[in-house]
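The structure under discussion appears below in the form of structure tokens.
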Amino acid sequence: FIRAKHAQEGFTRLWRGTYASLALSVPTVGIYLSCYDSFRNLMENFTTGNAPLLTPYVPLVAGSVARSLACISCYPIKLARTQMQVYLNSLLAMLLMSLILNCQIGCLKID
């Protein structure tokens, strides 16, 4: 398979989509880890005093909420990545990815 792709499209085509994947994974992991720690600490403090029987479930709930928040906030990047993979040489897809990244960076600066 790799030899056929190498012969057909060239060596650099094997790494197509790497930058888009990194542009998606870095903010997703950053949002997930920071939110997970915050949610876990808040929920542990709450459950320790109010509902001690629920304390073992705190990591599950905190992880679910943090991952959901990370996926929702990074969905535009995922959409742009998919568009770039579908339309390989499309300048419009690259422009869309750039526009979405600039929008998210602007939103992060506002917060």
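Annotations
- The condition (being out of contact with any Lys or Arg (no Cβ under 6 Å at 6 or more places or on another chain), at negative phi and in contact (Cβ under 8 Å) with a residue 12 or more places away in the chain) is satisfied by just one residue among 69, 53: 69.
Rundown of residues vs (1) open to solvent by less than 100 Å² (accessible area, probe 1.4 Å); (2) in contact with a His (Cβ under 7 Å, 6 or more places away or on another chain); (3) at pLDDT 70 or above, yes/no style:
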{"residue": "2", "(1), (2), (3)": "no, no, no"}
{"residue": "11", "(1), (2), (3)": "no, no, no"}
{"residue": "34", "(1), (2), (3)": "yes, no, yes"}
{"residue": "46", "(1), (2), (3)": "no, no, yes"}
{"residue": "79", "(1), (2), (3)": "yes, no, yes"}
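- Within the set 53, 60, the sole residue that is open to solvent by 70 Å² or more (accessible area, probe 1.4 Å) and at pLDDT below 95 turns out to be 53.
- Scanning region 83-98 for residues that are modelled with pLDDT under 75 and assigned to a helix (DSSP H, G or I) returns 83, 84, 85, 86, 91, 92, 93, 94, 95, 96, 97.
- Number of positions in region 18-28 that are of a type in the set (A, V, I, L, M), without any contact (Cβ under 8 Å) to a residue 24 or more places away in the chain and surrounded by 12 or more Cβ atoms within 10 Å (Cβ to Cβ): 1
The values are calculated or read from the model by the stated rules, or taken from the named source; none is laboratory data. Note that the structure is a prediction, hence the values are computed from the model and not measured. Backbone-built Cβ (ideal geometry, glycine too); neighbour counts: all protein chains shown. Note: accessible area is taken over every heavy atom of the protein model, side chains too, but ligands, DNA and RNA are not part of it. Shrake-Rupley method; radii C 1.70, N 1.55, O 1.52, S 1.80 Å.
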